[in-house]
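Down below is the structure, laid out as C-alpha cells.
The values are calculated or read from the model by the stated rules, or taken from the named source; none is laboratory data. This is a predicted model, so every value here is computed, not measured. Note that we place each Cβ from the backbone using ideal geometry, even for glycine, and neighbour counts take in every protein chain shown.
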C-alpha cells in the first residue's frame, strides 16, 4: 500500500453508523490520511425480525463488514463496539478505541406518560415501553414488572418517530447514539418535542458491555493503517471496554442473553459492575481491582458464584 492511497472505510448505512464513521474519517484526515466511506449491508440491517436475538447469533451487524476486510475490499471498519462478537477472525484486530461517549441507557418518555414520583424509571404504571434488547427487557421486568415491554426496531429517527406517533409511551436508547446524532442532525430536535430524555443510572440499569464505544478494525498485517489508528486510540477507554468484554466473554453471552457490564475508574481502582438474568432472576456484583488485566474474569467469577448459590 502506497503512502498516498485513499483508505476505504467500511460502515453500515444507518444514520448513526454513517455519523460514527464520518467522525472517524475526519479524525484520520487530521493526521494526513485520505479516507472514503463504503457502505456495506449486513444481515442484521436486512432482517425484519422483531428482536435482535431473533435475527441470529451475535455478529449479525458486522460479519459482512469483517469479510470485506478479509477480502481486502476495504482497509478499515468502524463498528459500535457492543455489536462485535468477543471472538473475531484472527487476521483482524481492533486498531483503535477512540474516546468513549456516555455508556448509559436513556429512557425517552412522552410527557403525557411521565411520572416524576419514580426517580429511577419515571414513567407511568403499565406504560408501553419499546425495546428489542434482551438486556433492557430483563432490567425493565426486574425493576418495573408493571410495564408492558414491546419490541422496537429501526434506526434512531424511526424509533423516535414511533414514540412521537404514540405507538409507545417510552422507548430506551443508548445515550451515546443520541449524542452523536444530535451533533449533526437537526431532525432529532423536532422529534424530541414534548419528550423527556432521562438517563438511567448505569450502576443499577447496567449497560451493554462496550456501550458508547467505537471499535476501529483493520487487518493485523496492515502496518500503515495500524500506525495511523494508534493516533486516535484512547487508552483509558480501551482498558474499560476490554474489562467489560472480558466479562462478556466469560459469560459467553450473545444477543439472546441479558448481560450488562460497566467499568469506571475510581481513584486508583477500577470498578466493574456486572449484571445477569438467569432463570428469571437478576443478579449483580460490583468488583474492584487496581488494574484491568483480570478485572473482567474476576468480576464474572464473583457473579457466577452468586447465581450458583442454592
Inset, instruction - Scan (1) out of contact with any strand residue (DSSP E or B) (no Cβ under 6 Å at 6 or more places or on another chain); (2) touching a residue at least 60 places away in the same chain (Cβ under 8 Å) for the single condition residue 164 breaks and write down its number. - result: (2)
Inset, instruction - Answer with yes or no whether residue 99 is at pLDDT 95 or above and assigned to a loop (DSSP other than H, G, I, E, B). - result: yes
Inset, instruction - Mind counting the residues in the range 57-74 that are in a loop (DSSP other than H, G, I, E, B) and at pLDDT 95 or above? - result: 3
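Yes or no, residue by residue, for (1) modelled with pLDDT of 95 or more; (2) assigned by TED's automatic domain parsing to the domain that holds residue 16; (3) touching a helix residue (DSSP H, G or I) at 6+ places or on another chain (Cβ under 8 Å); (4) part of a strand (DSSP E or B):
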residue: 146; (1), (2), (3), (4): yes, no, no, no
residue: 154; (1), (2), (3), (4): no, no, yes, no
residue: 160; (1), (2), (3), (4): no, no, yes, no
residue: 168; (1), (2), (3), (4): yes, no, yes, no
residue: 178; (1), (2), (3), (4): no, no, yes, no
residue: 185; (1), (2), (3), (4): no, no, yes, no
Inset, instruction - Name every residue in the range 176-201 that is touching a residue at least 60 places away in the same chain (Cβ under 8 Å) and more than 27 Å from residue 77 (Cβ to Cβ), in order of residue number. - result: 192, 194, 195, 196, 197, 198, 199, 200, 201
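Conditions tested, residue by residue: (1) touching a helix residue (DSSP H, G or I) at 6+ places or on another chain (Cβ under 9 Å); (2) modelled with pLDDT of 95 or more; (3) surrounded by 19 or more Cβ atoms within 10 Å (Cβ to Cβ); (4) under 16 Å from residue 104 (Cβ atoms).
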site: 199; (1), (2), (3), (4): yes, yes, no, yes
site: 204; (1), (2), (3), (4): yes, yes, no, yes
site: 230; (1), (2), (3), (4): no, yes, no, no
site: 233; (1), (2), (3), (4): no, yes, no, no
site: 245; (1), (2), (3), (4): yes, yes, yes, no
